[in-house]
1. Determine which member of the set L172, L185, L159 is modelled with pLDDT of 90 or more, open to solvent by 80 Å² or more (accessible area, probe 1.4 Å) and not basic (K, R).
2. Would you check which residues across segment 12-42 are of a type outside the set (V, I, T) and within 12 Å of F170 (Cα to Cα) and list them?
3. From the residues in segment 135-156 that are open to solvent by less than 50 Å² (accessible area, probe 1.4 Å) and more than 20 Å from A18 (Cα to Cα), which one is farthest from the chain's Cα centre (by Cα)?
4. So G24 ticks every box in (1) under 15 Å from the mean Cα position of the chain (by Cα); (2) under 22 Å from T167 (Cβ atoms) but one. Which box is left unticked?
5. List every residue pair whose Cβ atoms sit under 8 Å apart, with the two residues 6 or more apart in sequence or on different chains, where the first one lies in segment 171-189 and is closer than 22 Å to I1 by Cα and of a type in the set (V, I, T) and the second, anywhere, is surrounded by 12 or more Cβ atoms within 10 Å (Cβ to Cβ) and at pLDDT 90 or above.
Amino acid sequence: ISLIFLCSGLAIFGFGEAILIRTGIGVSPWTVLAEGLTNYVNWTVGFATFIISVVVLLCWIPLKQTPGIGTIMNAIIVAIVIDLSLPIIPDINNFYGKLLFVFLGIIITGFGGSIYLISNLGPGPRDGLMTGMQKKTNLPLAWVRSLIEITAVMFGWLLGGTFGIGTIFFALGIGPSYSLSIYTLNRVL
């Protein structure tokens, strides 16, 4: 049953990311980087997301982090779902419609991530990077994660990825979305 939670949570997470991409007004920090890469190589956003995950996993080696099946599946499923979802999500031309989709994307991403966490089959590539760097630096976890996310956004934006109001709302809203989703799932399950 853990594998079902893992795969369904990652698929929902990837769909939420695709919704954010489709708005065109800002995406999650790592997707800013993935979009930026697609401006220089002939990759889809999903494939760029996969390649970034692989590179992040290589960074685990000196940090002595150990991936689980969930770690590997995270890199694969999220990337595939982003690419499969983008063509079926309609374009939104109205700014308020785009904002509504941003909030929907954040809620869906947080819900999917929460389902994925319940599976407990290994941290996502970026989460393992965060915990590994925190162990090495002894800095507070929040600082380490913020530094990682800001670095991803900065490089992505410099490469031409979409940084905008959606990115800011994502940064502010993903924590509460996870919290609410985990609370709800704990009550239901």
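1. L172
2. Across segment 12-42, the qualifying residues are G16, E17, L20, G26, S28, P29, W30.
3. V144
4. (1)
5. So the pair list comes out as I182/S114.
The values are calculated or read from the model by the stated rules, or taken from the named source; none is laboratory data. Small disclaimer: the values here were computed from a predicted structure and weren't measured. Please note: Cβ atoms are built from the backbone with ideal geometry, for glycine as well, and neighbour counts cover all protein chains shown. Only protein heavy atoms, including side chains, enter the accessible area calculation; ligands, DNA and RNA are left aside. Shrake-Rupley method; radii C 1.70, N 1.55, O 1.52, S 1.80 Å.
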